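Student: What follows is a structure written as structure tokens; I'll ask about it next.
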Amino acid sequence: MSILFLTAAGAAPEAAAQFGLIPALKEGGPISIAIFSVMVIMSVFSFYIMFTKLFEQQKVLNQYKDVRAQFWRAATLEEGAAKLDKNSAFRQVVDDGIAAQKQHSLLTDPIEAHDWLHGAMARSEDSINNKLAGGLPFLATVGATAPFVGLLGTVIGIYSALIKIGIAGQADIGKIAGPVGEALIMTAIGLFVAVPAVLAYNWLQARNKTIARSLSTFSNDVLGYISSGGRVKPAVPAAAPAGKPAPAAAKK
């Protein structure tokens, strides 16, 4: 019994080496290696875009917290903008609104100030949203095409197996195991590349919509502030009194 166990254990690494990923790619030839390389590149770029976009989105969401906490406590828009980071998306909206207000007085054609400001700030929002959406079409493309790229490798593997059967004149499992294994591996890799790309695309799109709503709300508030001469602005949450412990600290 022990001899059989040792024999099986010794045969397992040998079988894995014979039917692993590298032998399967060699079995498929240059075409399979090229397809595998393409899918690796697609996967690497997909994860790169996913993490970079996640970082950008989180940065904008943190900026919105700063806006709610600090911006509307300022006496003027210029003072509030100075409290925000120079690269803040919300500061860009404010700066574009202030610039549009100054430019309106230079116009020769009579255009309603509200329409002029609204158009300028809408363009500012669009530029921010387009920047956040950059790279997401690549994720959608990978999610839609990676299974078919893997299927191409599968077709090539099955075709190679059929050729070997035709040459041998009979279905010898030892001769077709390699091509069939290569075909199945290509299918699995295609799904492995596509599924994370689709999940990341949908998740990042949902977060972008949340950011777009925040930008739209903030833009409307700034527009109302400018149009009313500073008389209309959103309610500012009350600040915690200095020296008073926070509720969580008090419980402790």
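The values are calculated or read from the model by the stated rules, or taken from the named source; none is laboratory data. In this text, all values refer to a predicted model and were calculated from it rather than measured experimentally. Methodologically, a virtual Cβ is constructed for each residue, glycine included, from the backbone with ideal geometry; neighbour enumeration extends over all protein chains shown.
Student: Might you let me know whether region 56-69 holds any residue that is more than 16 Å from the chain's Cα centre (by Cα) and hydrophobic (A, V, I, L, M, F, W, C)?
Tutor: yes
Student: Restrict the check to region 96-114 and report whether at least one residue is in a helix (DSSP H, G or I), within 35 Å of the chain's Cα centre (by Cα) and without any contact (Cβ under 8 Å) to a residue 12 or more places away in the chain.
Tutor: No, every residue in region 96-114 fails to be in a helix (DSSP H, G or I), within 35 Å of the chain's Cα centre (by Cα) and without any contact (Cβ under 8 Å) to a residue 12 or more places away in the chain.
Student: Okay, moving on. For residues that are among the charged types (D, E, K, R) and at pLDDT 85 or above, scanning just region 210-252, find the one that is farthest from the chain's Cα centre (by Cα).
Tutor: Applying the filter and picking the extreme gives D221.
Student: Does A144 meet the test of being at pLDDT below 90 and either at negative phi or in a loop (DSSP other than H, G, I, E, B) (or both)? Write out each step before concluding.
Tutor: Numbers: at pLDDT below 90: no; either at negative phi or in a loop (DSSP other than H, G, I, E, B) (or both): yes.
The answer is no for A144.
Student: In region 63-76, which residues are part of a helix (DSSP H, G or I) and in contact with a helix residue (DSSP H, G or I) (Cβ under 6 Å, 6 or more places away or on another chain)?
Tutor: Correct list: Q63, Y64, V67, Q70, F71.
Student: Further question: Filter region 77-92 down to the residues that are more than 18 Å from M121 (Cα to Cα) and in a loop (DSSP other than H, G, I, E, B) and list them by number.
Tutor: Passing the criteria: only D85.
Student: If you check L132, L117, which single one turns out to be touching a residue at least 60 places away in the same chain (Cβ under 8 Å), over 20 Å from T52 (Cα atoms) and in a helix (DSSP H, G or I)?
Tutor: From the options L132, L117, the qualifying one is L117.
Student: Now for a separate question. Name every residue in region 192-209 that is without any contact (Cβ under 8 Å) to a residue 60 or more places away in the chain, over 10 Å from the mean Cα position of the chain (by Cα) and surrounded by 14 or more Cβ atoms within 10 Å (Cβ to Cβ), in order of residue number.
Tutor: Correct list: A194 only.
Student: Which condition does Q58 not pass, out of (1) in contact with a Lys or Arg (Cβ under 9 Å, 6 or more places away or on another chain); (2) assigned to a loop (DSSP other than H, G, I, E, B); (3) not hydrophobic (A, V, I, L, M, F, W, C), if it passes all the others?
Tutor: Of everything listed in (1) in contact with a Lys or Arg (Cβ under 9 Å, 6 or more places away or on another chain); (2) assigned to a loop (DSSP other than H, G, I, E, B); (3) not hydrophobic (A, V, I, L, M, F, W, C), Q58 misses just condition (2).
Student: Those residues that are in contact (Cβ under 8 Å) with a residue 24 or more places away in the chain and under 29 Å from the mean Cα position of the chain (by Cα), I need them from region 70-90; list them, please. Can you show your working first?
Tutor: Of region 70-90, the ones in contact (Cβ under 8 Å) with a residue 24 or more places away in the chain are 72-73, 76-77, 88-90.
Of everything in region 70-90, those that are in contact (Cβ under 8 Å) with a residue 24 or more places away in the chain and under 29 Å from the mean Cα position of the chain (by Cα) turn out to be S88, A89, F90.
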